[in-house]
Amino acid sequence: MILIIYAHPYPRHSHANKHLLQTVASLDGVEIRSLYELYPDFALDVQAEQQALSRAKLVILQHPLQWYSMPPLLKMWCDKVLEHGWAYGHDGHALRGKDCLWAVTTGGDTHHFDLGGFPGFEVLAQPLQATALYCGMNWLPPFAVHNTFACDQKTLDVAGEHYLSRLRGYLAEHGDFADRGAASGVQHG
């Protein structure tokens, strides 16, 4: 199963991430956990999050890029849920062999990330990539949608189709899954 850990501080105001989630929510085998809806008070249920991760083959960390990083609740989620002895360290093998995908939206174009001596967007993935690898996960090439502040509906539709195609390809390669139609795998708080 595919688990999408979605972290948007203002999920009701997101047009790009909301569209991406709506596009893939009908896929059988996809569960979406919207952290800011589940935990508006930042009181994470670590056991529930670890149980969700245990069910997954592919973990997607989906969020808007904020100041070249992840939103604060996702950082807290990583700190608390990916704990020593469970996700890494001695006897910490719960995520070993699972796949990890970074699905990120940005307000700027790709050239906005050519900063100083570190050109390119890929450098921003390094902290999450290192976290995934440290937990024994397989890092997949990221999925990114840039320029979301100025994009139109056609651009969002194309991005949604690319995201859907990427997840369908994963499901086809790792199991026999079918669309659920209009049913949603979104977990709300």
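Summary of computed values
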quantity	calculated
The range 77-96 residues that are on the phi > 0 side of the Ramachandran plot, paired with ones that are surrounded by 12 or more Cβ atoms within 10 Å (Cβ to Cβ) (beta carbon under 6 Å, 6 or more apart)	Gly85/Gly92
Residue within the range 61-78 that is surrounded by 20 or more Cβ atoms within 10 Å (Cβ to Cβ), within 21 Å of Asn138 (Cα to Cα) and either aromatic (Phe, Trp, Tyr) or more than 17 Å from the chain's Cα centre (by Cα) (or both) present	yes
Filter result (within 15 Å of the chain's Cα centre (by Cα), buried (at least 17 other Cβ atoms within 10 Å of the Cβ) and farther than 18 Å from Ser69 by Cβ) within the range 124-139	Met137
Matching residues, the range 5-49, being surrounded by fewer than 17 Cβ atoms within 10 Å (Cβ to Cβ), in contact with a strand residue (DSSP E or B) (Cβ under 7 Å, 6 or more places away or on another chain) and polar (S, T, N, Q)	Ser26
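Each row is one residue, and each column tells you yes or no for (1) part of a strand (DSSP E or B); (2) over 24 Å from Gln153 (Cβ atoms).
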site	(1), (2)
Arg12	no, no
Lys18	no, no
Ala43	no, yes
Glu49	no, yes
Gln62	yes, no
Cys100	yes, yes
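Any read-out appearing in this document is the output of simple, stated calculations on the displayed coordinates, not a laboratory observation. For clarity, every value in this text was computed on a predicted model and none was experimentally measured. Please note: Cβ atoms are built from the backbone with ideal geometry, for glycine as well, and neighbour counts cover all protein chains shown.
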